[in-house]
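Colleague: Here it is, the structure in full.
The values are calculated or read from the model by the stated rules, or taken from the named source; none is laboratory data. Just so it is clear, the model here is predicted, and its values are computed rather than measured. Quick reminder, even Gly has a Cβ in these numbers, built from the backbone with ideal geometry, and neighbours come from all protein chains shown. Each accessible area value is taken on the protein alone, full model and side chains, heavy atoms only, with ligands, DNA and RNA left out. Shrake-Rupley method; radii C 1.70, N 1.55, O 1.52, S 1.80 Å.
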Amino acid sequence: MREVYHDIPGERIANLVNHPSYPSDPTERSIISNPFEAPTDIGDEYGQRMHGWINPPLTGEYLFWIAGDDECHLYLSTSDRPNHAQLIAQVPEWTTPREWGKYPEQESNSIYLEEGNLYYVMALMKEAQGGDNLAVGWELPDGTLQRPISGEHLLWKGDELHTNFSIKASGEAVL
């Protein structure tokens, strides 16, 4: 889920999370299916949250990266529960799109994940002026890099999705 909060001045995550609209009243909301990356250069003075669940394809040690402009934080839970999420990586100032190695704190420590388990993940970004971007990548236990993370490993379990059609209780075809 990508949630955007317009008209929030400042360049710090604190400007976003302390704003009255965060987290329950975003200006826009959409599902991002592939990859774990937001659109670039879309505006100024806004913040965004991309969050959902990640499904690791292998059991073992993972490394995560975050890139973005201006300040960005990456949180990962030890389970599927959002309230267990901890800060694992961050961008203190800004990077260009997919610039994974500008700051040492962009890369997480090694994190053990189990195949078949879901883990809550959240990326926050606060943009002031100029270019803007946000992307999250990882290295799998077998050394495979996905930067950004492929959408096949991302899930949204929320109940906020809806359709613009209905299905009769007696049943009908959906194409």
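Colleague: Could you list, in sequence order, the residues of the stretch 130-149 that are modelled with pLDDT of 95 or more, surrounded by fewer than 19 Cβ atoms within 10 Å (Cβ to Cβ) and closer than 24 Å to Gly68 by Cβ?
Modeller: Glu139, Leu140, Thr144, Leu145, Gln146, Arg147
Colleague: Moving to a separate point now. Take the residues in the stretch 93-104 that are of a type outside the set (Phe, Trp, Tyr) and surrounded by 15 or more Cβ atoms within 10 Å (Cβ to Cβ), then tell me which one is farthest from Thr144 (Cα to Cα). Lay out the reasoning, then the answer.
Modeller: Taking the stretch 93-104 as the starting set, the residues that turn out to be of a type outside the set (Phe, Trp, Tyr) are 93, 95-99, 101-102, 104.
From what's left, surrounded by 15 or more Cβ atoms within 10 Å (Cβ to Cβ): 95, 97-99.
Working: Thr95: 23, Pro97: 20, Arg98: 17, Glu99: 18 Å.
Per the stated criteria, the residue is Thr95.
Colleague: Further question on the same structure: Of the residues in the stretch 108-163, how many are farther than 17 Å from Ile54 by Cβ and in contact with a strand residue (DSSP E or B) (Cβ under 6 Å, 6 or more places away or on another chain)? Explain how you work it out, then say what you get.
Modeller: Start the filter on the stretch 108-163 by keeping residues that are farther than 17 Å from Ile54 by Cβ, which leaves 125-133, 143, 159-163.
If we keep only those that are in contact with a strand residue (DSSP E or B) (Cβ under 6 Å, 6 or more places away or on another chain) too, we end up with 125-127, 131-133.
Total meeting the criteria: 6.
Colleague: Now a separate question. For the stretch 54-65, does any single residue satisfy the condition of being closer than 14 Å to Leu124 by Cα, in contact (Cβ under 8 Å) with a residue 60 or more places away in the chain and open to solvent by less than 10 Å² (accessible area, probe 1.4 Å)?
Modeller: There is no residue in the stretch 54-65 that is closer than 14 Å to Leu124 by Cα, in contact (Cβ under 8 Å) with a residue 60 or more places away in the chain and open to solvent by less than 10 Å² (accessible area, probe 1.4 Å).
Colleague: Give the stretch 66-90 a look and list any residue that's free of Cβ contacts under 8 Å to residues at least 60 places away in the same chain, open to solvent by less than 40 Å² (accessible area, probe 1.4 Å) and within 17 Å of Met1 (Cα to Cα), or say none.
Modeller: Matches in the stretch 66-90: Leu76, Ser77, Ala85.
Colleague: Among residues belonging to the stretch 11-37 that are buried (at least 16 other Cβ atoms within 10 Å of the Cβ) and in contact with an Asp or Glu (Cβ under 8 Å, 6 or more places away or on another chain), point out the one that is modelled with the lowest pLDDT.
Modeller: If we take residues in the stretch 11-37 being buried (at least 16 other Cβ atoms within 10 Å of the Cβ) and in contact with an Asp or Glu (Cβ under 8 Å, 6 or more places away or on another chain), then Glu11 is modelled with the lowest pLDDT.
Colleague: Also: Is it the case, given these coordinates, that Tyr46 is in contact with a Leu (Cβ under 7 Å, 6 or more places away or on another chain), surrounded by 15 or more Cβ atoms within 10 Å (Cβ to Cβ), touching a residue at least 40 places away in the same chain (Cβ under 8 Å) and aromatic (Phe, Trp, Tyr)?
Modeller: The answer is no for Tyr46.
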